[in-house]
Structures are given as structure tokens and as C-alpha cells.
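*Asks:* Structure provided below as C-alpha cells; questions to follow.
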Amino acid sequence: MRRQPERSTRARPVRPASLRVGIVGSGAVARHFALGLSGAGARVHIWARRSARARALGAWCPTFAELLAKSDVLLVCVRDEALAEVIEELARAARDSDPVRTLVVLHVSGATPVSVLQPLERQGLAIGKLHPLLSLPKVSPQRAVPVAGTAPKKNALKTAAKAALKNGLPAHYVAQYSAPSSALARRHAKRLVKALGGQYCELSAGHEADYHLAASLVANGALALFAAATSHMQAAGVQGRAYAALLESVAHNLARCTPAQAQTGPIARGDAATVERHWRRLGSRHRSLYRALAEVLLELSPATRAEKQRIARVLARVRHT
Ligand SMILES: NC(=O)c1ccc[n+]([C@@H]2O[C@H](COP(=O)([O-])OP(=O)(O)OC[C@H]3O[C@@H](n4cnc5c(N)ncnc54)[C@H](OP(=O)(O)O)[C@@H]3O)[C@@H](O)[C@H]2O)c1
């Protein structure tokens with residue numbers, strides 16, 4: 001029987017015809033939301049310290065009062081350290097300008113609690129956070145590909161976004177609310193995620209640090225490992241792109257099965273000789289890194305007890321060199 005081609009798990013973006021989105025900031029995350037949401041048909045207004053960068057992303061708003069008046073939902077996309085100060089200023093503007101009571105304000109920081117927005121809740125606005133579980137580097141707008149798969153303006157971006165839509169995993173957006181705000185804020189956050197063609201999920205209360213730690217281990221950890229492997233890629237004469245595709249295949253597998261089921265490589269096979277060869281090629285700087293990873297992989301490995309012991313003996317030798 002012929003196998004059916006695998007269906008994409010990515011949800012199709014919808015056009016939020018009447019959604020008015022305000023954005024504070026013009027950095028990587030502001031750009032992601034601005035390009036994605038305007039590409040999906042939302043009306044995007046931006047306030048940022050650098051007006052030229054803001055103008056490249058949406059309609060410029062010179063004051064917070066104007067931004068509040070032109071938004072159904074406001075995304076605060078500034079650096080974590082600046083959040084409290086910016087929110088105090090927004091709350092002052094809300095007090096003086098009395099925006100509509102259905103306005104929802106969401107921040108996008110994974111590490112910061114929703115409570116940082118309480119000055120706005122005290123002004124009668126609904127609050128929450130909507131964290132894009134994505135790695136969004138500071139590349140120029142021309143080179144940025146909105147991973148959530150919405151159609152940006154430039155042709156090259158369109159092609160890249162279409163490819164991501166077809167093959168990639170859907171971007172996840174992780175939400176959290178304060179209890180009094182949750183119904184209205186949840187409704188708006190879900191609309192944004194749907195517009196971006198992403199997946200919506202909510203973060204368990206009290207586990208904010210676990211959530212952010214896991215994101216850091218996966219995203220920053222993978223990047224650190226890639227950087228540690230770069231000199232070996234170069235020595236082998238194989239391009240980094242090829243290894244990036246390898247990483248993509250790991251992500252593909254991990255979206256569908258457990259780490260133990262997805263495990264491949266010498267430790268999964270119980271191959272102590274290859275582990276030893278790796279160690280001989282490693283610079284001394286990365287031996288403790290290799291050992292720490294190997295210990296995690298040994299716990300997952302389906303190898304026999306004897307094979308695991310042989311590998312453990314190699315790692316113990318590494319420890320003493
Ligand atoms: N990058 C990611 O992969 C990622 C993913 C998920 C969530 N996040 C979160 O998203 C938020 C923004 O991160 P980002 O990566 O977009 O940072 P970014 O590229 O450095 O941009 C930060 C923005 O904050 C503005 N800003 C900083 N201090 C300010 C102040 N005192 N008043 C007004 N604006 C100020 C900056 O303005 P200037 O340009 O004028 O300095 C810039 O527009 C952070 O909370 C971060 O944790 C980031």
C-alpha cells in the first residue's frame with residue numbers, strides 16, 4: 001500500500017479583518033508580530049523610541065495615548081529590564097486618556113510574570129502575557145523570515161514563509177493571565193495566534209521558571225552545542241547548513257516521539273569505541289560538555305548494561321585526563 005504523504009501540522013493563518021493591534025518596541029519580537037499580523041490583515045500601529053524602525057513595521061504613533069486609542073490589543077515588546085518603566089508610563093497615559101475598557105494589554109516576556117502589568121489592570125484594562133516560543137534573532141527586516149508563516153510583503157519572504165508553512169512545525173505561543181482579566185485577554189490572545197497560523201497554549205501557574213528554563217535549555221543549549229561543533233564541521237569540510245538540517249530532523253522527530261524514542265548515535269547503539277574516538281578529537285575545553293551530555297544520553301539509551309558500562313568507563317577516563 002502506498003504511504004500517504006505526511007500532512008502539515010501547521011494551522012492556516014486567518015485574516016483578522018477588524019483586529020487593531022498596537023505594538024510598543026521595534027526589536028526582534030516587535031518585528032515578528034508586526035510583520036506577521038499586518039501580513040494577516042490586522043491594522044498595526046507602533047510606538048518605539050526609534051521612529052524610523054517603527055515606521056518600517058507599521059503606522060507610527062507618536063504617543064502612548066494615541067496608541068491606546070488605536071488598539072484593541074496592545075503588545076508590549078520591550079526588553080525585560082524596561083518593562084516596569086514602560087508599563088508605568090502606559091498606565092499614566094491610560095489614566096489621562098481613558099481608553100476603551102475592552103483594551104487588552106499583553107507583554108511578551110517569557111521570564112516576567114503577568115503581575116508586572118498590574119498598573120494597567122488598576123486602570124481597568126485586561127492584562128496577560130503571550131510569549132512566542134521562538135528564537136527571534138536581531139537580523140535585518142529584509143532577511144527575517146516570520147516563522148509563524150504569515151505572508152510578509154517582500155517576494156523573497158513570501159517564498160520562505162510558504163516553505164515554512166508547508167514543511168515546518170507550527171510556532172507555539174504560550175499565554176498566561178491574571179484571574180480578573182482572563183476571559184477577555186484569552187479571547188484576544190487566541191485571535192492573534194490564529195491570525196499568525198500558530199498554536200495556542202497556556203502556562204501552568206507557578207511554573208514560569210520551569211517554562212523559561214526549558215526554553216533556554218532547548219534553544220540556547222542547541223545553539224551553544226552548534227557553536228562548540230563548528231571547528232569540527234570546518235575541519236570536516238562540511239557546511240554548517242548541512243548540520244542545521246540535521247538539527248531540523250531532530251526537531252521533527254522530537255515533535256512526534258519521546259527523547260528516548262528519538263535517540264540515535266553511538267550512545268544509543270552502545271558503541272564505546274566511537275565514544276572514545278570522539279573524545280580523542282575533542283579539544284580540552286569541550287570535554288566536560290561532552291561528558292555531561294553523554295551522561296544524559298546514557299540514561300535514555302536502550303543499550304545493554306554491559307555496553308553502558310563500557311561507555312561509562314570511557315567517560316570516567318575522560319574525567320581523569
Ligand atoms: N528574541 C527572542 O527570541 C524572544 C523570544 C520570545 C520573547 N522575547 C522577549 O521579547 C521582549 C523583546 O525582546 P527582543 O528580542 O525583541 O529585544 P530587542 O530586539 O533588543 O528589542 C527591544 C526593544 O525594546 C526597546 N526598549 C528597550 N528599552 C526601552 C525603554 N526604556 N523604553 C522604551 N523602549 C525600550 C528597544 O528600543 P531601542 O531599539 O530604542 O533600544 C527595542 O525596540 C523581551 O521581553 C524578550 O524576553 C524574545
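*Asks:* Provide the three semi-axes, in whole Å and in decreasing order, of the ellipsoid equivalent to the stretch 216-319 as defined by the square roots of 5 times the Cα gyration tensor eigenvalues.
*Replies:* 22, 19, 12
*Asks:* In addition: Ranked from highest to lowest mean number of other Cβ atoms within 10 Å per residue, what is the order of the peptides 51-58, 292-299?
*Replies:* Ranking, from highest mean packing down: 51-58, 292-299.
*Asks:* Right, here's the next one. Around Gly110, what is the net charge, scoring Lys/Arg as +1 and Asp/Glu as -1 over all other residues with Cβ under 15 Å from its Cβ?
*Replies:* -3
*Asks:* Further, regarding this structure: Which of the aspartates and glutamates could be linked to Lys70 by a straight reach, that is with a Cα gap under 15 Å, when you skip same-chain ones fewer than 8 residues away?
*Replies:* In chain and number order, the partners are Asp98.
*Asks:* Could the peptides 191-201, 231-241 be put in order, highest first, of the mean number of other beta-carbon atoms found within 10 Å of their residues?
*Replies:* Listed from highest to lowest mean packing, they are 191-201, 231-241.
*Asks:* For the stretch 216-319, give the magnitude of the charge dipole about the Cα centre (Cβ charges: +1 Lys/Arg, -1 Asp/Glu; no others), in debye to the nearest 20.
*Replies:* That gives a dipole near 420 debye.
*Asks:* Counting other beta carbons within 10 Å of each residue's own, what order do Phe33, Phe226, Phe64 fall into, fewest first?
*Replies:* Ordered by Cβ neighbours within 10 Å, fewest first: Phe226, Phe64, Phe33.
*Asks:* If I model a spin label as a point 7 Å beyond the Cα along the Cα-Cβ vector, how far apart are those points for Ala219 and Arg95 in nm?
*Replies:* According to this spin-label approximation, the distance is 3.4 nm.
*Asks:* Hey, can you grab everything whose amide H is under 5 Å from the amide H of His172? Only 5+ residues off in sequence or another chain; H modelled, so Pro and N-termini drop out.
*Replies:* Leu133, Gln199
*Asks:* Once you place label points 7 Å from the Cα toward the Cβ at Leu254 and Ala229, how far apart are they in nm?
*Replies:* 1.2
*Asks:* Please list, in order along the stretch 82-96, the HN-Hα scalar couplings obtained from phi with the Karplus expression 6.51 cos²θ - 1.76 cosθ + 1.60 (θ = phi - 60°), rounded to whole Hz, x for Gly and Pro.
*Replies:* Taking θ as phi minus 60°, the curve returns 8, 4, 4, 5, 5, 5, 4, 5, 5, 5, 4, 5, 5, 5, 6 Hz for the stretch 82-96.
Values in this text are rule-based calculations from the coordinates and carry no lab data. Values in this document were obtained by computation on a predicted structure and should not be read as measured data. Cβ atoms come from the backbone with ideal geometry, glycine included; neighbour counts cover every protein chain shown.
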